[in-house]
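**Q** Structure in structure tokens, see below.
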């Protein structure tokens with residue numbers, strides 16, 4: 001148990017499907033993040049939420065839609081994805097105070113788009 | 001812009017060998033944090049160490065040690081007497097501290113394979 005829980009662990013979806021990834025933390029952190037990890041590439045920051053407000057969208061295609069209903073939960077809604085979107089999607093959280101604390105990561109959702 | 005370079009894509013060693021993973025970073029900030037994370041096959045990123053830019057003391061934790069050299073912008077990680085359980089991908093990361101939240105910039109990672 002890492003403190004950040006992601007569900008599902010694995011997801012296979014067709015290009016016309018709509019699905020959602022869920023992330024939950026009860027660490028009292030105020031910032032939450034979505035990262036994408038593709039083979040042979042660095043971890044890519046997708047979205048940042050600080051106190052439920054989206055503060056960064058790293059030029060992510062609109063087929064990825066984040067939602068942060070409260071500071072403990074973060075969703076990533078997926079629709080009409082492409083095969084190249086297959087990757088490990090990692091959620092993380094941190095204290096508002098910035099870099100000192102680092103991040104706590106979840107175990108990720110392994111997404112395969114067919 | 002921040003940048004983290006891990007030049008070693010993959011390293012293979014035999015158990016009990018010492019191994020050093022290299023990390024070089026670029027930043028214009030005077031205050032920043034450096035991190036190492038371990039990613040085992042299960043997928044989650046496990047925090048190993050944090051070092052702030054004003055603390056250049058080397059650190060040792062069991063078989064792990066870190067060498068931070070600001071003059072060369074490097075933050076290298078050494079595992080002494082490696083074990084099979086050390087096999088994982090290791091990421092170096094750099095964080096800004098001048099904002100209300102932190103964003104980490106990661107290197108591409110180094111895959112370490114330790115064979116018996």
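Rule-based calculations on the coordinates, nothing more; no lab input. Keep in mind the model is a prediction, meaning the values are calculated, not measured. Here Cβ is always computed from backbone atoms with ideal geometry, including for glycine, and neighbour counts include all displayed protein chains.
**Q** Run the simple label-point estimate for residue B:83 and residue B:20 please: 7 Å along Cα→C-beta, distance reported in nm.
**A** 2.4 nm
**Q** For an R0 of 35 angstrom, estimate the FRET efficiency from the Cβ-Cβ distance between residue B:63 and residue A:39 and round to the nearest 0.05.
**A** 0.75
**Q** OK, next. Would you please classify the overall shape of region A:31-107 from the alpha carbon gyration tensor, given that a ≥ b ≥ c denote the square roots of the eigenvalues, rounded means a/c under 1.5, and beyond that prolate means a/b larger than b/c while oblate covers the rest?
**A** Verdict is oblate for region A:31-107.
**Q** With a ≥ b ≥ c taken as the square roots of the eigenvalues of the C-alpha gyration tensor of chain B, please select rounded if a/c is under 1.5 and otherwise prolate if a/b is larger than b/c or oblate if it is not?
**A** Details: a/c = 2.06, a/b = 1.68, b/c = 1.22.
Prolate.
**Q** Averaged over peptide A:104-111, how many Cβ atoms belonging to another chain are found within 10 Å of each residue's Cβ?
**A** Per residue, the average neighbour count from other chains is 3.
**Q** Do you know the relative contact order of chain A, to the nearest whole percent, from alpha carbon pairs under 8 angstrom that are 6+ apart?
**A** With pairs under 8 Å counted, the relative contact order is 38 percent.
**Q** Counting partner chain Cβ atoms within 10 Å of every residue's Cβ in B:8-20, what's the average?
**A** Details: counts 0, 1, 0, 0, 0, 0, 0, 0, 0, 0, 0, 0, 0.
Mean shielding by partner chains, rounded to a whole number: 0.
**Q** Tell me, what is the percent relative contact order of region B:2-114, built from C-alpha pairs under 8 Å that lie six or more residues apart?
**A** Computed over region B:2-114, the figure is 38 percent.
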